[in-house]
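Structure first, then comments.
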Amino acid sequence: MADENEPTAERKTLEQRHQMSDLERLRHSCAHVLATAVLRIWPDAQLAGGPPVESGFYYDIDLDHSVTPDDFAQIEAEMKKVVKENQTFEKMVVTRDEALALAKSGRLGALAERDTVSQFKVDLLEDIPEDEEISIYKNGEFWDLCAGPHVGRTGNCKAFKVMSVASAFYKGDNTRPQLQRIYGTCFKNKTMLTEHLEKLEEAKKRDHRKLGKELGIFHIDEAVGQGLILWKPKGGLMRRALQDFITEELDQQGYSQVFTPHIGKLDLYRTSGHFPYYQESQYPAIAERDALEKLSDEGATCATLINGLETGTIEGYMLKPMNCPHHIKIFASDHHSYRDLPVRLAEFGTVYRWEQSGELGGMTRVRGFTQDDAHLFCTPDQVAGEVHSCLELVKKVLKTLGMNDYRVRLSLRDKDSDKYVGDPANWDKAEDALRSAVQVLGVDYTEEEGEAAFYGPKIDFVVKDVIGRDWQLGTVQVDYNLPERFDLSYIGSDNKPHRPVMIHRAPFGSLERFAGLLIEHFEGKFPTWLSPEQVRVLPISEKFNDVADDAVKALVDAGVRVSCDRNADKVGAKIRLARLDRVPYMLIIGAREAESGTVSVRHRDREDLGAVPIDEFVSTIQQEIANRSL
């Protein structure tokens with residue numbers, strides 16, 4: 001979450017540019033090629049920033065002309081000219097005052113001096129200390145404020161493509177001008193670019209928003225609200241299968257399932273630190289009705305209400321952004337001895353975050369989501385063992401789903417930042433505990449400073465899907481701070497109170513995001529145990545409906561999710577429809593099957609598997625489901 005003391009995203013870009021990889025340097029250079037081309041086509045364009053991003057680069061542009069995909073060919077043609085000219089990237093170092101003078105002359109972010117002031121450049125420079133040296137890069141006639149680094153010449157940027165255009169507020173602030181953001185990508189050679197574009201085409205085919213609609217998994221309705229998922233019946237079956245899977249594991253490991261409300265008093269979140277720390281990403285606080293009526297009688301303003309909620313002079317409630325404060329209160333409601341620990345509390349708990357509308361996307365970026373959440377309260381001596389068990393659970397989840405290509409990220413605090421709460425000594429203990437656990441786990445991991453939660457370090461599993469995209473999924477966190485803030489205790493073997501350590505863990509992360517990933521990972525062709533519809537019975541004609549009904553009953557009695565297609569269509573059409581619906585198994589019943597007491601089995605991927613007795617098929621699929629086979 002953003003902190004008001006952190007540098008802006010634009011400033012971070014300048015400060016961190018020296019850390020660029022070779023590919024990032026190439027893409028940043030190609031962003032300048034894009035900017036040069038745009039200014040040649042539209043000389044009055046005003047440029048803001050143009051950083052490299054994970055999959056390419058972008059440039060934010062203020063322009064009267066509305067850029068559309070129809071303009072991409074013209075932009076690319078002009079970019080090719082800039083590349084062919086093989087312009088040198090040259091660096092100039094100036095003082096802040098000299099840079100401001102150039103910006104006010106219209107020279108920065110332009111092909112030549114012009115009457116229009118480069119207001120975005122002036123704004124950026126005014127945030128920089130007066131005694132700081134500023135670097136400017138030029139290629140050909142184009143000059144721009146930039147910290148670099150770049151490749152040597154524009155001729156290095158041969159394998160590029162303009163990808164899309166979107167709107168974006170300057171510096172991400174909706175009170176500032178709305179700009180056009182032109183996205184592009186660039187690679188070291190055309191082969192790599194082609195592979196990337198093919199991967200994007202594959203991603204389009206797998207897009208969970210498209211498949212989720214086609215398969216009847218979920219729905220988003222404006223009347224309900226953006227970012228709020230409606231799980232449809234088939235999605236509900238899929239979700240229940242995931243929840244049953246985790247619940248079985250938790251039962252074996254001694255977890256207790258709990259249920260907590262969707263709201264809580266603001267004081268609860270003040271104590272935890274979630275309010276006001278996460279205030280910008282939370283739904284607004286709600287005042288108690290009595291307080292609202294009293295304020296209304298007094299003619300109070302909205303500002304008075306907001307200030308009262310923030311300062312605590314007015315009692316209020318909030319949609320919960322986290323489950324942990326509620327679980328803490330469950331733990332605190334009982335007396336605990338060291339013999340009772342660890343206490344493991346689990347919940348499929350729904351939480352709410354106020355994500356910006358431009359950041360929302362299908363199931364993977366939402367405003368209300370359900371976490372497979374658990375919080376463990378243990379003694380310091382138990383931390384290592386409990387963390388290891390949590391990590392093993394995440395590993396089992398990923399293995400069961402065939403997601404074996406992953407890395408582990410150890411997120412630590414930035415010791416120079418003041419956004420982290422708690423005793424630094426406790427932070428050191430928590431970070432050491434996670435570091436030891438991930439080393440015992442025996443997997444590749446990286447340490448990343450500044451990525452920890454505000455109350456503790458964490459381990460994240462970053463999974464690579466079948467087309468090579470990274471997804472951050474399961475997480476485990478060690479927390480010495482919240483037990484301190486809530487004054488939690490247990491009685492130790494010395495008969496004195498001691499502070500427990502808290503562990504947060506969620507193997508899926510959120511069910512919504514995880515389901516969106518699974519849809520794309522499997523292209524909707526879920527393993528049988530996870531499929532909303534596991535078998536579809538296809539009678540060749542209505543004469544065999546009774547036999548089909550017997551087969552359906554045998555499967556239902558065995559706990560299999562099954563349907564029957566009784567439409568008058570030919571069997572070939574029924575098979576095509578079942579494949580479009582990604583049903584794992586089709587059972588065809590005609591005269592031969594009815595006479596022999598068999599079913600003709602087809603698999604969506606393995607074609608005709610032959611005729612088998614219905615009892616034999618039931619036994620086979622039961623075993624496949626029980627084993628959660630891929």
With +1 on each Lys and Arg Cβ and -1 on each Asp and Glu Cβ, how big is the dipole of segment 224-281 about its Cα centre, in debye rounded to the nearest 20? 300
Under 1.5 on a/c is rounded, so check that first for segment 215-274, then, if it is not, pick prolate when a/b is larger than b/c and oblate when it is not; a ≥ b ≥ c are the square roots of the alpha carbon gyration tensor eigenvalues. oblate
Can you give the Kirkwood hydrodynamic radius of segment 9-205 from its Cα pairs, in Å with one decimal? 16.9
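Could you line up Asp432, Asp373, Asp418 from fewest to most neighbouring Cβ atoms inside 10 Å? Let's see the in-between values first.
Working: Asp432 14, Asp373 26, Asp418 8.
Exposure proxy ranking, most exposed first: Asp418, Asp432, Asp373.
Please report how many Lys pairs in segment 496-626 have alpha carbons closer than 19 angstrom, counting only residues at least 8 apart along the chain or sitting on separate chains.
4
Given charges of +1 on the Cβ of Lys and Arg and -1 on the Cβ of Asp and Glu, with all other atoms neutral, how large is the dipole of the chain about its Cα centre, in debye to the nearest 20?
I would put it at about 2020 debye.
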Which GluC sites (Glu not before Pro) does segment 184-271 hold that lie in a coil by DSSP with at most 12 other beta carbons within 10 Å? Glu222
Considering Cα pairs under 8 angstrom that are at least six residues apart, work out the relative contact order of the chain and quote it in whole percent. 10
Considering the dipole of segment 184-259 built from charges on the beta carbon (Lys and Arg +1, Asp and Glu -1) around the Cα centre, which of Ile229, Ile246, His208 is farthest to its positive end? His208
Could you tell me the ratio Rg/Rh of the chain? Both radii from Cα atoms, Rh via Kirkwood. 1.03
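Do any of Lys104/Lys171; Lys91/Lys415; Lys329/Lys464 go past 31 Å between their Cα atoms, and which?
Checking Cα-Cα distances, Lys91/Lys415; Lys329/Lys464 exceed 31 Å.
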Dipole of segment 9-205, positive end: most advanced residue of Gly140, Leu197, Leu34 [Cβ charges, Cα centre]: Leu197
Bin width 5 Å, alpha-carbon pairs only: give the P(r) of segment 528-626 as whole percents, running from 0 to the bin holding the largest distance. 3, 14, 28, 28, 20, 6, 1
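State to the nearest 20 debye the size of the charge dipole of segment 546-630 about its Cα centre, where the only charges are +1 on K and R beta carbons and -1 on D and E beta carbons.
460
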Ignoring the sites themselves, what is the longest stretch of the chain with no chymotrypsin sites (Phe, Trp or Tyr not before Pro) in a DSSP loop and at most 16 other beta-carbon atoms within 10 Å? 355-630
Share of Cα-Cα pairs in segment 109-246 lying beyond 21 Å, as whole percent: 69
At q = 0.11, 0.21, 0.22, 0.26 Å⁻¹, what log₁₀ I(q)/I(0) does segment 65-144 have when each alpha carbon counts as one equal point scatterer in the Debye sum? -0.38, -0.98, -1.02, -1.15
Can you compute the modelled spin-label distance between Asp207 and Ala591, with each label point 7 Å from Cα toward Cβ, in nm? 4.8
Could you point to the residue in Val94, Leu47, Asn156 farthest towards the positive end of segment 9-205's charge dipole, with +1 and -1 charges on the Cβ of Lys/Arg and Asp/Glu respectively? Asn156
Which order results if Asp251, Asp565 are arranged by neighbouring Cβ count within 10 Å, fewest first? Asp251, Asp565
Just the number: Rg to Rh for segment 98-145, Cα atoms, Kirkwood Rh, two decimals. 0.95
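Just so you know, all these numbers are worked out from the coordinates, no wet-lab data involved. Keep in mind it's a predicted model, so treat the numbers as computed, not measured. Cβ: placed from backbone, ideal geometry, glycine included. Neighbour counts: every protein chain shown.
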